[in-house]
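Trainee: Got a structure for you, questions after.
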Amino acid sequence: MAKRMKSCHRAAKLAPKRKPVMCQFDSIPENVLFMILQLLPLRDALRTGVLAQNLLRAWRFYLNLEFTTKALGLNRRVHKERRRAKFVRCVNSIVRHHAGTGVKSFGIKHNLNNHKYANYLDRWIYFAVSSGAKELTLDLRPRRVIHHSYIQYTFPSSNFAAPQPTCVEHLKLCYCYLRQPASFSGLRNLRTLDLSLVYITQGDLDSLLSCTLSLEQLKLCQCPPIDHLKISEMLCKLNHLDIRLCRLNTLEIRARNLSTFNYYGWSNFKTVLCEASLLKEARFELTSGDAADYALSELAPLMPNLETLYLVGYTQMIIPARDPTNNFSSLKHLEMKMDMSSRKHGLLCLVSFLDAAPFLEKFIVHLYENLAFYGEETALRRLDKREPHRKLKVAKLSGYAGTKSSIELALHILENSTALECLILDPRLDKFAYKYTYSDDVSEVTWRLYHLFISKYLRESVPSYVRLSSS
């Protein structure tokens with residue numbers, strides 16, 4: 001064994017030594033290196049500059065400058081003041097060495113809500129604008145969001161308010177003041193405006209919107225003190241409107257090409273909608289008031305062209321005396337997630353939406369049921385004779401657990417939908433409606449109860465042309 005080891009050692013010494021293969025970056029064309037760098041995160045792109053001179057030159061034209069704690073590799077365990085100081089040093093160094101042309105997007109996402117950082121923010125924003133950036137993001141929110149009275153930075157700065165229009169097409173601001181100077185004309189090319197936790201007065205918002213006639217998307221989230229929002233007919237390109245937790249008293253929409261509207265907040269506000277509106281899709285998540293009653297009494301007469309509605313909220317409805325003129329005359333897709341605080345008729349009250357939407361083709365209800373329908377049996381309730389649902393093709397109840405209320409709704413759909421093709425009774429919670437409690441696992445007991453209720457209460461009522469499914 002010892003002789004064999006010696007011979008192997010001697011052979012290894014006599015074998016020619018292989019030189020390590022080195023990547024010759026100088027032989028790679030600069031346009032190829034430039035394309036490779038754009039695929040790397042900012043932190044990795046910075047490190048490549050020490051490998052070769054042409055890599056350093058290519059890095060100076062990096063397109064997407066998104067500065068975050070993670071992108072710069074900062075340690076979150078370090079005290080926040082030291083972390084802020086290092087963040088400022090890193091951004092200053094990168095901006096100083098960048099070529100200053102061809103920037104596509106520029107973003108600052110760090111808690112710099114302090115007067116002593118205002119000059120740095122002004123300088124960086126001026127660099128982004130002068131570099132031709134089309135996307136500009138400024139997110140100064142602290143880790144724990146506090147009252148807007150603690151906001152210290154004002155946008156736009158005097159550096160940004162250039163007399164000529166800038167290249168900025170997408171602007172996202174978070175946790176700052178937004179005040180419009182009298183001679184401000186720097187956002188005429190703006191297509192997307194996203195304001196979150198931004199303090200802006202009614203006059204400044206109206207003035208800003210009057211200068212952004214190319215605006216296509218508008219998003220407002222927790223923006224005091226706006227109580228009256230007017231979307232004028234001058235915003236003829238606006239197609240998407242998103243409002244979240246803004247305490248509005250009046251919402252006036254005159255933009256005729258608006259096609260999508262998302263709202264999350266209180267229901268006690270007045271909505272004025274242009275009669276010629278082309279609104280096709282709406283999502284309402286109401287945190288107060290009766291969501292079902294609000295939809296039938298307020299939304300139905302306002303949105304005659306609506307085709308898709310997603311409704312979330314609470315309802316105390318029994319079976320209301322609905323105004324027959326309040327119809328969703330174009331609605332084809334209805335998705336609901338309702339908390340039923342009244343048990344007198346339960347889910348049967350949702351039949352009012354089927355009556356109000358004569359052209360409805362797809363009806364989805366997301367449930368969260370815990371108690372199954374077993375024990376002492378009681379008679380299932382039926383509604384009075386009414387017009388059949390002639391266009392309904394697909395109905396789905398997710399989170400179905402066989403409660404008496406859900407069985408009654410399923411029976412009503414089966415018995416009154418002449419064009420029904422598929423009824424889906426899924427015992428699993430919907431992944432998007434209940435994203436925090438969603439689970440793909442269903443216990444064996446739940447499946448047994450599911451099949452028991454299907455065979456006992458629904459199987460005989462399923463027409464031959466309807467497919468009954470669990471997913």
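Trainee: Are any of the residues in segment 450-469 crowded, with 16+ Cβ neighbours inside 10 Å and at pLDDT below 80?
Mentor: Yes, segment 450-469 contains a residue that is crowded, with 16+ Cβ neighbours inside 10 Å and at pLDDT below 80.
Trainee: Okay, next question. Among the candidates Ser149, Ser105, Ser157, Ser130, single out the residue that is within 29 Å of His240 (Cβ to Cβ), among the hydroxyl-bearing types (Ser, Thr, Tyr) and either at pLDDT below 90 or open to solvent by 50 Å² or more (accessible area, probe 1.4 Å) (or both). Can you show your working first?
Mentor: Numbers: Ser149 fails: within 29 Å of His240 (Cβ to Cβ); Ser105 fails: either at pLDDT below 90 or open to solvent by 50 Å² or more (accessible area, probe 1.4 Å) (or both); Ser130 fails: within 29 Å of His240 (Cβ to Cβ).
Just one listed residue meets the conditions, Ser157.
Trainee: Given (1) within 20 Å of the chain's Cα centre (by Cα); (2) open to solvent by less than 20 Å² (accessible area, probe 1.4 Å); (3) farther than 16 Å from Asn327 by Cα, where does Ala282 come up short, assuming only one miss?
Mentor: (3)
Trainee: Would you be able to tell me the number of residues in segment 413-427 that are in a helix (DSSP H, G or I) and touching a helix residue (DSSP H, G or I) at 6+ places or on another chain (Cβ under 6 Å)?
Mentor: First, pick out the residues of segment 413-427 that are in a helix (DSSP H, G or I): 413-416.
Next, only the ones that are touching a helix residue (DSSP H, G or I) at 6+ places or on another chain (Cβ under 6 Å) stay: 414.
So the answer is 1.
Trainee: Cβ-Cβ below 6 Å, separation at least six or inter-chain, first residue in segment 82-103 and of a type in the set (Val, Ile, Thr), second assigned to a helix (DSSP H, G or I): which pairs?
Mentor: So the pair list comes out as Val88/Tyr120; Val95/Phe127.
Trainee: Just to verify a result, which residue in segment 73-102, among those that are under 31 Å from the mean Cα position of the chain (by Cα) and of a type in the set (Lys, Arg), is least open to solvent (accessible area, probe 1.4 Å)?
Mentor: Arg84
Trainee: Just for strands (runs of 3 or more DSSP E) wholly inside segment 237-325: which have at least 3 residues that are closer than 19 Å to Leu215 by Cα?
Mentor: Numbers: elements: 240-244, 250-253, 260-265, 270-273, 281-290, 308-315.
Counting at least 3 such residues, we get 240-244, 250-253, 260-265.
Trainee: Would you check if there is a residue in segment 215-237 being open to solvent by less than 40 Å² (accessible area, probe 1.4 Å) and within 25 Å of Ser329 (Cα to Cα)?
Mentor: Yes, there is a match, as at least one residue in segment 215-237 is open to solvent by less than 40 Å² (accessible area, probe 1.4 Å) and within 25 Å of Ser329 (Cα to Cα).
Trainee: List pairs: first in segment 344-363 and touching a residue at least 24 places away in the same chain (Cβ under 8 Å) and farther than 17 Å from Leu425 by Cβ, second among the polar types (S, T, N, Q) and open to solvent by 10 Å² or more (accessible area, probe 1.4 Å), Cβ under 6 Å, 6+ apart or cross-chain?
Mentor: Listed by first residue and then by second, the contacts come to Ala356/Asn327.
Trainee: Does segment 246-279 hold any residues that are surrounded by 14 or more Cβ atoms within 10 Å (Cβ to Cβ), more than 22 Å from the chain's Cα centre (by Cα) and of a type in the set (Ser, Thr, Tyr), and which are they?
Mentor: Thr271, Ser277
Trainee: Still on this structure, please answer the following. Being closer than 16 Å to Tyr457 by Cα and either open to solvent by 30 Å² or more (accessible area, probe 1.4 Å) or modelled with pLDDT under 90 (or both) is true for just one of Leu367, Leu380, Leu371. Which residue is that? Spell out the reasoning first.
Mentor: Working: Leu367 fails: closer than 16 Å to Tyr457 by Cα; Leu371 fails: closer than 16 Å to Tyr457 by Cα.
Checking each option against the conditions leaves just Leu380.
Trainee: Can you tell me which condition Lys17 does not meet? The list is (1) assigned to a helix (DSSP H, G or I); (2) modelled with pLDDT under 70, and all the others hold.
Mentor: So the condition that Lys17 fails would be (1).
Trainee: Another question about this same structure. Tell me whether segment 307-316 contains one or more residues that are more than 23 Å from His366 (Cα to Cα), out of contact with any strand residue (DSSP E or B) (no Cβ under 6 Å at 6 or more places or on another chain) and surrounded by fewer than 20 Cβ atoms within 10 Å (Cβ to Cβ). Before the answer, list the steps.
Mentor: Kept after step one, since they are more than 23 Å from His366 (Cα to Cα), are these residues of segment 307-316: none.
Among the residues of segment 307-316, not one is more than 23 Å from His366 (Cα to Cα), out of contact with any strand residue (DSSP E or B) (no Cβ under 6 Å at 6 or more places or on another chain) and surrounded by fewer than 20 Cβ atoms within 10 Å (Cβ to Cβ), which makes the answer no.
The values are calculated or read from the model by the stated rules, or taken from the named source; none is laboratory data. As the structure is a prediction and not an experimental result, all values here were calculated from the model. Ideal geometry is used to build each Cβ from the backbone, glycine not excepted, and the neighbour counts take in all protein chains shown. Side chains are part of the model used for accessible areas, which takes the heavy atoms of the whole protein and leaves out ligands, DNA and RNA. Shrake-Rupley method; radii C 1.70, N 1.55, O 1.52, S 1.80 Å.
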